[in-house]
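What follows is a single structure, written as structure tokens, with notes after it.
The values are calculated or read from the model by the stated rules, or taken from the named source; none is laboratory data. Bear in mind that the values here come from a model prediction, so they are computed numbers and not experimental data. Glycine gets a Cβ as well: all are built from the backbone with ideal geometry, and neighbour counts include every protein chain shown. In case anyone asks, the SASA skips ligands and DNA or RNA and just uses the protein heavy atoms, side chains included. Shrake-Rupley method; radii C 1.70, N 1.55, O 1.52, S 1.80 Å.
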Amino acid sequence: MRSKIFLALFLIGALMMAVSGCGGKTEKQGEQPRAREQQSGGANGSITAVGSSALQPLVEEAASQFMAKNPGAQIVVQGGGSGTGLSQVSQGAADIGNSDVFAEEKLGAEEVAQLVDHKVCVVGMAAVVNPDITVDNVTQQQLIDIFTGKITNWKDLGGPDVKIQLVNRPKSSGTRATFKTYALKGAEEARGIEQDSSGTVRKIINETPGAIGYLALSYLDGSVKPLKLDGVEPTKENIIEGKYPVWAYEHMYTKGEPAGLAKDFLDYMLSDEVQKTLVPELGYIPVTEMKVERDVRGNVTKK
Amino acid sequence: MNWKFFCDRAGRGLTLFCAALVIVLTVSIIYFISSKGLATFFTNGISLREFLLSDQWAPDRAAVDGGPLVGAKAFIAGSVLVSLLAVGVSAPLGIIVAVFIVEIAPGWGQRVLQPAVELLAGIPSVVYGYIGLSLLVPLIRTYLGGGGFSLLAGFLVLSVMILPTIISVSTDSIRALPVEWKHASYALGSTRWQTIRMVLVPAARSGLITAVVLGMARAFGEALAVQMVIGNTREIPTSILSPMMTLTSAITMDMGATVMGTTWNNALWSMGLLLLLMSLCFILIIRVVVRRGAVQ
């Protein structure tokens, strides 16, 4: 009997060691591919890009085009959210971390210092309402009043007598962070319905009377109505000219200056081939066309 | 002879290895969740009281403005409410169906009803959620008012989801009763209704309670389907038609977009730990109930 217990304990111990051994290896894994790239150089080897689901379709498409041209290259693109992307790249578990927000907004100063930002495109966002709402222009102050719960009925804005139903994204979402900063001037939103995907938000706004929310321009398909902000329409042209303020960069972060395949791929992301065709096709705005620039603190300057 | 001895040993080694693997897996998962979940209180200095008893959720608020606030009361209340109501609907329904399958119509009950119930168990939760979102939510909005996304939609979807668990466990426990008890009851002149009400259901009590607790545990842990229909508003629901939020949906909403090691992320792990502790509670309840049932 006793020997059995010993045997069991021994096995458990051995397994524990095996498991912790594996854990140790994964930590080092991040360094291995990088070392391999540097040796081979050029478009060979394998990298992973992890993070933002808003940026994922573009990176996936660009990666498959890139791999078709460079058969030696292997680029794995994964979603998981901006937070996942940023933490993975700063831990060295992924080569590229995709994010909707500046790393400064999510990580500590030490981690940010190690990361290099590559802005690959711009996403515009619009306040959208249920198609039955006749209002089509709001001032910024009205928008703030709607989202902070001061205005609760559309008739106060000259619309039909319908209660306003807020549809938010979760606080951790990049879309919500951008909308809060640039459309609501940082005002805290009142509690409302929350959904974790833009597709669901669009469906709910389309079906719920009096609903208002916000979506990236690439999600506008006619089923919901975008609102003008202070008379400015949320269009690509207005964002490029710097007239419409609600937009954000999509970032691809690397830990340290990129080298080897990661560098080649990031160069490809900024090449005309991606910026002129793929980026507008998928509803993003090419970062190379922007006539204004914005820094982490939100200061906008002419390029 | 020697070969047989070897086989015996090898077989024993293999089973022992598998058992140890499962133990290690469980222990390491519990260790991981606990270390992450407890970090909220020990590393980030959030008090347990705030976490459990405050409904202020603002983990992104800067320390200057009095943040981060990670009160999970609204989610805990939401989870408890939605599961209790779901069990409230499903438990009577499930037990009655189980009685029907075993006692009233053993023939087609077993041939038709049981496979139907098993099929119900096989429908993925995302499909339940999708049906709820496309059918139930607009229906509630049109006929009962409100936004449609509500506690009502949540517990209705959940009650259908946990029904198979309750029915199959109840069916097994009623079927396991010695047939002599039923015969004895009939011999004493009871009607079928009296036999069911006063002999069979009370005798199967521990099995039925187990079924209900298992259903409750499933309801508590369900994330996807509920998240799609409850509207995810970080408030304690004031009526059956108001939107709400559960622990599981609070975790899935933010988990991808928060960074490991931050207070925000750790608070999500604390909710995970809370879910784990709740299911531990449910398991303990079942153990106690089964042991009591066995003694009687």
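Ligands, DNA and RNA aside, A:Met125 has an accessible area near 10 Å² when probed at 1.4 Å. Distances between placed amide hydrogens fall under 5 Å for B:Ala58 paired with B:Leu69, B:Val70, B:Gly71, all partners being 5 or more residues away or on another chain.
The figure for B:Asp60 is an accessible area of roughly 60 square angstrom, using a 1.4 Å probe on the protein chains alone.
For B:Leu53, the solvent-accessible surface computed with a 1.4 Å probe is close to 110 Å², ligands and nucleic acids excluded. In terms of accessible area, using a 1.4 Å probe and ignoring ligands and nucleic acids, A:Leu58, B:Leu84 rank largest first as B:Leu84, A:Leu58. The alpha-carbon of A:Lys203 sits under 27 angstrom from the alpha-carbons of these lysines, leaving out residues fewer than 8 places away in its chain: A:Lys150, A:Lys155, A:Lys163, A:Lys171, A:Lys180, A:Lys185, A:Lys225, A:Lys228, A:Lys236. Near A:Asp95, the amide H atoms lying under 5 Å from its own belong to A:Thr48; only residues 5 or more places off or on other chains count, and H is placed 1.01 Å from N. Net charge near A:Asn168: determine it from the other residues with C-beta under 12 Å of the C-beta of A:Asn168, scoring Lys and Arg +1 and Asp and Glu -1. Result for the neighbourhood of A:Asn168: +2. Only helices enter the 222 nm calculation for the protein assembly as shown: every DSSP H run of n ≥ 4 contributes -39,500 (n - 2.57), and dividing by all residues gives -16500 deg cm²/dmol, rounded to 500.
Between B:Leu25, B:Leu273, B:Leu52, the Gaussian network model of chain B with springs among Cα atoms under 10 angstrom shows the greatest mean-square fluctuation at B:Leu25. Report P(r) for chain B: all Cα-Cα distances, bin width 5 Å, range 0 to the bin holding the largest distance, values in whole percent. Result, from short to long distances: 1, 5, 9, 12, 13, 13, 12, 11, 9, 6, 4, 3, 1, 1, 0, 0 percent.
Using the 1.4 Å probe convention, the accessible area of the protein assembly as shown works out to 48 Å² per residue with neighbouring protein chains retained. For the protein assembly as shown, the share of DSSP beta bridges that are antiparallel, to the nearest 5, is 65%. The dipole here belongs to the range B:70-295: it is taken about the Cα centre, uses +1 on the Cβ of Lys and Arg and -1 on the Cβ of Asp and Glu, and is about 480 debye.
Rounded to the nearest Hz, the phi-derived 3J(HN,Hα) couplings of the range B:157-172 under the Karplus curve 6.51 cos²θ - 1.76 cosθ + 1.60 (θ = phi - 60°) are 4, 4, 5, 5, 5, 8, 3, x, 4, 5, 4, 5, 5, 5, 4, 4, where x marks glycine and proline.
For B:Thr258, the residues whose modelled amide H falls within less than 5 Å of its own, excluding neighbours fewer than 5 places apart on the same chain, are A:Gly83, A:Thr84.
Annotation for the B:A interface, with buried accessible surface near 2900 Å², both sides summed [1.4 Å probe; non-protein components not counted].
With a Förster radius of 45 Å applied to the C-beta separation of B:Leu21 and B:Leu135, the computed FRET efficiency comes to 0.55. Shown for the range B:131-169: residues covered by the partner protein chains by 20 Å² or more of accessible area relative to the chain by itself (probe radius 1.4 Å), namely B:Leu133, B:Arg141, B:Gly147, B:Phe149.
Residues of the range A:77-111 that bury at least 40 Å² of accessible area when the other protein chains are present, relative to the chain alone (probe 1.4 Å, heavy atoms, ligands and nucleic acids excluded): A:Lys106.
With every protein chain in place and a 1.4 angstrom probe, the accessible-area ranking of B:His183, A:His118, A:His251, largest first, reads B:His183, A:His118, A:His251. Accessible surface ranking for A:Val274, A:Val116, 1.4 angstrom probe, highest first: A:Val116, A:Val274. Under the criterion of Cα pairs below 8 Å and six or more residues apart, the relative contact order for the range B:203-296 equals 34 percent. Could you check how much of the accessible area of the protein assembly as shown is carbon and sulfur, as a whole percent, using a 1.4 Å probe? Using a 1.4 Å probe with all protein chains present, the protein assembly as shown comes out at 62 percent carbon and sulfur. I'd like the residues of the range A:189-203 whose 1.4 Å-probe accessible area shrinks by no less than 20 Å² going from the isolated chain to the full set of protein chains. By number: A:Arg191, A:Gly192, A:Ile193, A:Glu194, A:Gln195, A:Asp196, A:Lys203.
Derived scalar couplings between HN and Hα for the range B:9-26 equal 4, 4, x, 5, x, 4, 4, 4, 4, 4, 4, 5, 4, 4, 4, 4, 4, 4 Hz in order, rounded to whole Hz, by the Karplus curve 6.51 cos²θ - 1.76 cosθ + 1.60 (θ = phi - 60°), x for Gly and Pro. Decide, for the range A:86-215, between rounded, prolate and oblate: order the square roots of the alpha carbon gyration tensor eigenvalues as a ≥ b ≥ c, take rounded if a/c falls under 1.5, and otherwise choose prolate if a/b is larger than b/c, else oblate. It is prolate, given that a/c is not under 1.5 and a/b is the larger ratio.
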